[in-house]
Amino acid sequence: MARLRRSDWAPPLNQRLVMLCPYDLGVPGGVQNQAVALSKEMARRGTTVTLVTPGLTIDPDLKDEGVQHVAAGSVRSMAANGSNAPITLSYRRVSRAFRDLEISPRDMIHVHEPIAPIMSWPALALHPCAMVATFHRSGVDRSYRIAGKVLARRLSHIDVARSVSEAARMTALVATGIDSEILFNGVDLASIAQAESAPTSGQTILFIGRDEPRKGRALLLEAARFLPETVTIWLTGDAPNGFQASGATVVFLGRLSEKEKHARLKAADVLCAPSLGGESFGIVLIEGLAARCTVVASDIDGYSQALSGHGLLVKPGSVAALSQGLRAALAGEGPDSEEGFSYAASWSIASLADAYEHAYDLARSKYSRRFNA
């Protein structure tokens with residue numbers, strides 16, 4: 001992979017970046033993808049990076065990219081925000097792993113989704129060095145609001161707060177009182193550009209997401225009945241029990257590696273994201289644009305903000321609206337794909353890393369004032 005542009009920022013002597021992600025890397029998810037991609041990019045720029053996640057298995061690919069991966073605590077699935085979050089509740093193991101890191105005041109901690117149990121909680125309590133937090137979640141429920149109040153003292157130790165979208169900013173503000181600056185989710189443009197297209201046999205629609213109600217996969221399977229047999233729909237995950245295809249040809253892909261995901265994106269004509277809600281941004285939409293797909297997505301806040309007019313938005317939860325939008329996209333009636341590609345280029349992970357480097361500088365300055373007060 002070609003070396004991406006580095007900014008003028010350089011880490012202080014002996015500084016280490018410790019990235020804390022609350023979700024297991026073995027389960028696909030936007031927060032995990034951002035934590036991994038940002039860790040790799042910062043490592044390319046010469047920063048010593050340690051990524052800490054739940055789990056019992058180390059990701060060997062991260063070592064090849066220059067990132068130390070620490071897995072701490074067994075994983076359990078917990079219902080949250082219409083989804084199932086792969087977290088750990090092993091506070092003792094997480095605390096032990098954090099102590100073993102031997103954080104110094106010269107280091108930098110970057111916390112993703114600080115309210116989510118429990119990966120960041122020991123760091124938030126101790127505040128051993130400068131800390132940046134990124135809020136990803138969209139939507140406040142009772143448990144999230146309560147957690148924000150319970151963790152208020154720890155959350156006050158965040159030196160600099162960022163969010164991935166306006167929806168995420170408002171969620172954090174309501175739940176915690178913290179007003180964060182909006183950045184974005186970054187896309188690994190180079191990996192998509194270098195991917196070899198997967199083989200196809202005609203017009204192809206791609207769905208990338210977990211098999212859970214919020215993601216709208218079942219809605220797409222219903223809409224498939226109203227599309228021609230010559231159209232192929234690729235879906236991540238396994239076939240539902242008793243599923244019988246009609247209309248478009250449906251192919252279940254199981255779990256995709258990042259390499260295969262990029263190959264499918266390059267080959268697909270349409271990327272479909274029929275989520276019902278709870279999406280703060282939708283990085284997969286930008287990945288679709290970067291692969292020159294026409295994007296058909298639900299008209300929800302996170303998605304409409306991410307696409308900014310570069311995709312086809314349809315009524316959430318409507319099979320009729322979704323099938324109509326897919327037919328329009330396949331007929332070439334969507335926004336210009338080259339304009340979408342140019343738009344996606346502004347969301348590169350390199351640009352995001354530039355923004356976080358400035359956030360790290362600001363956090364370091366604020367922590368220094370606290371530390372020396």
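The values are calculated or read from the model by the stated rules, or taken from the named source; none is laboratory data. Since the model is a prediction, treat every value here as computed from it, not as a measurement. Heads up, the Cβs are rebuilt from the backbone with ideal geometry, glycines too, and the neighbour counts pull from every protein chain shown.
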* Structure fact -> Residue hits (the range 71-122; acidic (Asp, Glu) and over 19 Å from THR57 (Cβ atoms)) are GLU102, ASP107, GLU113
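Pick from GLY340, GLY302: which is touching a residue at least 24 places away in the same chain (Cβ under 8 Å) and either over 19 Å from the mean Cα position of the chain (by Cα) or under 21 Å from LEU227 (Cβ atoms) (or both)?
Numbers: GLY302 fails: either over 19 Å from the mean Cα position of the chain (by Cα) or under 21 Å from LEU227 (Cβ atoms) (or both).
Going through GLY340, GLY302 in turn, just one is touching a residue at least 24 places away in the same chain (Cβ under 8 Å) and either over 19 Å from the mean Cα position of the chain (by Cα) or under 21 Å from LEU227 (Cβ atoms) (or both): GLY340.
Quick one: which of PRO199, PRO213 is surrounded by fewer than 19 Cβ atoms within 10 Å (Cβ to Cβ) and under 21 Å from the mean Cα position of the chain (by Cα)? Quick ask: steps written out before the conclusion?
Details: PRO199 fails: under 21 Å from the mean Cα position of the chain (by Cα).
None of the other options fit; the residue is PRO213.
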* Filter result (under 19 Å from ARG154 (Cβ atoms) and in a helix (DSSP H, G or I)) within the range 73-116 -> TYR91, ARG92, ARG93, VAL94, SER95, ARG96, ALA97, PHE98, ARG99
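Report whether or not PRO60 is within 22 Å of GLU41 (Cα to Cα) and either exposed (fewer than 14 other Cβ atoms within 10 Å of the Cβ) or in contact with a Gly (Cβ under 6 Å, 6 or more places away or on another chain) (or both). Even if it seems obvious, please write down each step before you answer.
Working: within 22 Å of GLU41 (Cα to Cα): yes; either exposed (fewer than 14 other Cβ atoms within 10 Å of the Cβ) or in contact with a Gly (Cβ under 6 Å, 6 or more places away or on another chain) (or both): yes.
It is true that PRO60 is within 22 Å of GLU41 (Cα to Cα) and either exposed (fewer than 14 other Cβ atoms within 10 Å of the Cβ) or in contact with a Gly (Cβ under 6 Å, 6 or more places away or on another chain) (or both).
Restricting to the range 314-338, name every residue that is of a type outside the set (Gly, Ala, Ser), assigned to a helix (DSSP H, G or I) and at pLDDT 95 or above. Walk me through it before giving the result.
To start, the set of residues in the range 314-338 that are of a type outside the set (Gly, Ala, Ser) comprises 314-316, 319, 322, 324, 326-327, 330, 333, 335-336, 338.
Now restrict to residues that are assigned to a helix (DSSP H, G or I): 319, 322, 324, 326-327, 330, 338.
Residues satisfying the conditions are VAL319, LEU322, GLN324, LEU326, ARG327, LEU330.
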* Asked: For the range 33-79, which residues satisfy the criterion of being in contact (Cβ under 8 Å) with a residue 60 or more places away in the chain and either of a type outside the set (D, E, K, R) or under 17 Å from ARG137 (Cβ atoms) (or both)?
  -> ASN33, GLN34, ALA35, ALA37, LEU38, MET42, VAL52, THR53, PRO54
* Residue satisfying all of: in the range 124-183; under 16 Å from the mean Cα position of the chain (by Cα), under 19 Å from ALA359 (Cα atoms) and assigned to a helix (DSSP H, G or I); modelled with the lowest pLDDT among these -> GLU166
